[in-house]
Amino acid sequence: MVRRPVAWVTAIVLFVEAVGIAWVNWLMGVVVDRQDMSLAGLDPDVMSTSSKVAGLVFGLYFALCGFTALRVGLRDRAPAGIGRILLISAAVVHALLGAFTVGLVGWGAFAFMMVVLGLIVLIFMTYDRLEATRPDAKPDAGPDAGPHEGPGSPGSAGGSGDGVLPPPPAPSVS
């Protein structure tokens with residue numbers, strides 16, 4: 001299966017990104033501190049400290065997202081609850097960062113952000129939430145399937161109970 005390796009690769013990439021983001025922001029804070037210049041009247045010490053704190057906060061955020069992806073890979077289950085929210089927010093952050101990095105850094109950084117976004121989205125696409133919550137469910141339940149299994153069940157992909165409305169009837173031309 002491709003599910004576990006995708007989750008592991010995503011976790012590794014997010015851990016590396018966490019260290020990179022923390023390091024770059026820390027370095028920017030040190031540079032601002034050593035230059036001892038103000039930007040539009042802002043205190044250089046405040047700018048330096050805020051850059052270092054922001055680097056640590058974003059680094060911890062990406063590390064937590066990486067831990068969530070690692071947990072998905074180890075348990076071989078879809079993310080749920082807070083982990084699901086974390087990975088969705090990480091996907092949104094990478095989409096926005098990708099849009100900003102095109103103009104500021106270049107296409108290489110944009111490609112990296114889109115690869116990470118794709119890995120996070122791939123975690124959600126490869127794990128079927130219904131399958132992950134019911135390990136005893138069979139993908140092709142036959143005629144002896146229980147009341148909640150089979151092609152016509154509410155959680156299945158086909159049948160009349162899948163929650164999808166049929167298309168409206170075509171208008172007749174008179």
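Things worth noting here:
- Bins of 5 Å from zero: percent of alpha-carbon pairs in region 49-134: 3, 14, 20, 22, 18, 12, 7, 3, 1, 0
- For peptides 25-33, 87-95, sequence by mean Cβ density within 10 Å, most packed first: 87-95, 25-33
- Just the protein heavy atoms count here, and of the accessible area of region 1-53 at 1.4 Å, carbon and sulfur take up 72 percent.
- If R0 is taken as 25 Å, the Cβ-Cβ distance between D36 and L56 corresponds to a FRET efficiency of 0.65.
- Rolling a 1.4 Å probe over the heavy atoms of the protein chains gives region 1-53 an accessible area of 67 Å² per residue.
- Measuring nothing but how far apart in sequence close Cα pairs (under 8 Å, 6+ apart) lie, relative to its length, region 6-138 scores a relative contact order of 29 percent.
- For peptides 49-56, 97-104, 7-14, 117-124, sequence by mean Cβ density within 10 Å, most packed first: 7-14, 117-124, 49-56, 97-104
- Each label was represented as a point 7 Å from its Cα along the Cα-to-Cβ direction; for V121 and D76 these points are 2.7 nm apart.
The values are calculated or read from the model by the stated rules, or taken from the named source; none is laboratory data. Please read all numbers here as calculations on a predicted model, not as lab measurements. Counting neighbours? That spans all protein chains shown, and the Cβs are built from the backbone with ideal geometry, glycine included. Surface accessibility is based on the protein's heavy atoms, side chains included, excluding ligands, DNA and RNA. Shrake-Rupley method; radii C 1.70, N 1.55, O 1.52, S 1.80 Å.
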